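First comes the structure, then the notes that go with it.
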């Protein structure tokens, strides 16, 4: 038994600790590391690479981005972005998230100093959209939503490609509350932007 315990100790010593990024080291990566489009997030300094989205995930994200872009061109001016793009949650310990799609008004972006030339978006978008994937558990999703609540995101849409539903959440520092669950044939109504409505079927009826 003593020999086995000794072998176990050696094995534990050989397990390397994950590299924990500081904010300064994270910024340095933009200058020294090869550019990658693989989605990743940083949780308490540890970069976690995610499985690349599948075909339908990307088609849905692109459709939503186009709809939101049409909305901002018609009225409220803002910016529509898609993953991978980091949104700052905390600089110490370092924590960044990558919403699948998000919308931020130009006014809020300007208040935060404008679009970043290097590093993450420092402002909280008004609206973030998460598209569920088969590998994503509710626990992982809830942790991401909690981070969005902490930085002042006001609204989150959770898209289920499997169920073809859209869950609209109101976010605050106290947590998230489901305000609506939309299904086939219904119009999605934004909480933050009263004139923003999207036909749910337009999101899922995507030409192959």
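Residue 124 versus (1) surrounded by fewer than 20 Cβ atoms within 10 Å (Cβ to Cβ); (2) over 17 Å from residue 72 (Cα atoms); (3) out of contact with any strand residue (DSSP E or B) (no Cβ under 6 Å at 6 or more places or on another chain); (4) at pLDDT 95 or above: which is the lone unmet condition?
(1)
For residues that are in contact (Cβ under 8 Å) with a residue 24 or more places away in the chain and assigned to a loop (DSSP other than H, G, I, E, B), tally how many sit in the range 135-168.
Counting residues in the range 135-168 that are in contact (Cβ under 8 Å) with a residue 24 or more places away in the chain and assigned to a loop (DSSP other than H, G, I, E, B) gives 7.
In the range 69-89, what count of residues is obtained for those that are touching a residue at least 60 places away in the same chain (Cβ under 8 Å) and within 17 Å of the chain's Cα centre (by Cα)? Talk me through it step by step, then tell me what you get.
We begin by selecting, within the range 69-89, every residue touching a residue at least 60 places away in the same chain (Cβ under 8 Å); these are 71, 75-76, 87-89.
Applying the additional criterion that residues be within 17 Å of the chain's Cα centre (by Cα) yields 87-89.
Total meeting the criteria: 3.
Could you list all residues from the range 62-79 that are surrounded by fewer than 20 Cβ atoms within 10 Å (Cβ to Cβ), modelled with pLDDT of 90 or more and touching a strand residue (DSSP E or B) at 6+ places or on another chain (Cβ under 9 Å)?
First pass over the range 62-79, keeping only residues surrounded by fewer than 20 Cβ atoms within 10 Å (Cβ to Cβ): 62-63, 65-67, 69-77, 79.
Then drop every residue that is not modelled with pLDDT of 90 or more, which leaves 62-63, 65-67, 69-70, 79.
Answer for the range 62-79, where residues must be surrounded by fewer than 20 Cβ atoms within 10 Å (Cβ to Cβ), modelled with pLDDT of 90 or more and touching a strand residue (DSSP E or B) at 6+ places or on another chain (Cβ under 9 Å): 62, 65, 66, 67, 69, 79.
Among the residues of the range 176-188, which ones are in contact with a helix residue (DSSP H, G or I) (Cβ under 7 Å, 6 or more places away or on another chain) and surrounded by 13 or more Cβ atoms within 10 Å (Cβ to Cβ)?
Matches in the range 176-188: 176, 182, 186, 188.
Pick from 171, 191: which is surrounded by 15 or more Cβ atoms within 10 Å (Cβ to Cβ), assigned to a loop (DSSP other than H, G, I, E, B) and without any contact (Cβ under 8 Å) to a residue 60 or more places away in the chain? Let's see the steps before the verdict.
Values: 171 fails: assigned to a loop (DSSP other than H, G, I, E, B).
Of 171, 191, the one residue that is surrounded by 15 or more Cβ atoms within 10 Å (Cβ to Cβ), assigned to a loop (DSSP other than H, G, I, E, B) and without any contact (Cβ under 8 Å) to a residue 60 or more places away in the chain is 191.
Quick check on residue 203: is it touching a helix residue (DSSP H, G or I) at 6+ places or on another chain (Cβ under 6 Å), touching a residue at least 60 places away in the same chain (Cβ under 8 Å), closer than 25 Å to residue 73 by Cα and not in a loop (DSSP other than H, G, I, E, B)?
Details: touching a helix residue (DSSP H, G or I) at 6+ places or on another chain (Cβ under 6 Å): yes; touching a residue at least 60 places away in the same chain (Cβ under 8 Å): yes; closer than 25 Å to residue 73 by Cα: yes; not in a loop (DSSP other than H, G, I, E, B): yes.
Yes, satisfied.
The values are calculated or read from the model by the stated rules, or taken from the named source; none is laboratory data. No experiment lies behind these values; they were computed from the predicted model shown. Cβ atoms come from the backbone with ideal geometry, glycine included; neighbour counts cover every protein chain shown.
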